[in-house]
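Since the structure comes first, as C-alpha cells, the remarks are kept for the end.
Derivation of every value follows stated rules applied to the coordinates shown; laboratory data play no part. The shown structure was predicted, so the numbers you read here are calculated from the model rather than taken from an experiment. Here the Cβ positions follow ideal geometry from the backbone for every residue, glycine too, while neighbour counts run over all protein chains shown.
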Amino acid sequence: ELWISLEEHQDALELIMSKYRKQMLQLLQGRKGEDAEPVLKVHQANSLEIESQIDRICEMEEVMRKAVQVDDDQFFKVQEKLAQLELENKELRELLSISKESFEVGREDLPD
C-alpha cells in the first residue's frame, strides 16, 4: 500500500509539475511579447525619425546640387564674357596700333 501510495503521489507531482511548466512557458511567452512591444515601439519611433532625417538630407542634397549647378553656370558665363572682353580688347589694341601707325605715316607725309 505504501508503494502504491508513493507511485500515486509521484504521478500527482508529475502532473502538477507539467501543468506548472506549461503555465510558466505561457507566462514567459506572454511576457516576451509584452517586453518586446515597448522595444518595438522605440525602434519604430527611431526608424521614423531616421527616415525623416534621411528625407531632409536628400532635400538638402538636391538644393546643394542645384546651387552648384547655378554656380557652375554662372562661372561659365563669367568665363565666356571674360574671353569675349579679352578678344575685344586685343582687337581694339590692334585698331589703336593701326591708327597710330597711320597717324605717324600721315605726319611724315606732311611738309614741315
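Which one, (i) 14.4; (ii) 24.5; (iii) 16.0, gives Kirkwood radius over Cα pairs in Å as derived from the coordinates shown? Only one listed value fits the structure, namely (ii). Once the Cβ-Cβ distance of D72 and L96 is raised to the sixth power relative to R0 = 35 Å, the FRET efficiency obtained is 0.45.
Using the Cβ of L96 as centre and a radius below 13 Å, the other residues enclosed give a net charge of -2, where K and R count +1 and D and E count -1.
Annotation: extensible slack from E62 through S18 equals 9.5 nm (criterion: 0.36 nm per residue apart, minus Cα-Cα distance).
Return one number: the angle in degrees, 0 to 90 and rounded to the nearest 10, between the long axis of the Cα atoms of helix 2-109 and the longest principal axis of the Cα atoms of the chain. Roughly 0 degrees, rounded to the nearest 10.
Taking a straight line from the alpha carbon of K66, these aspartates and glutamates sit under 19 Å away, with near neighbours fewer than eight places off in the same chain left out: D55.
For the pair D11 and Q53, the difference between a 0.36 nm per residue extended length and the Cα-Cα distance amounts to 8.9 nm.
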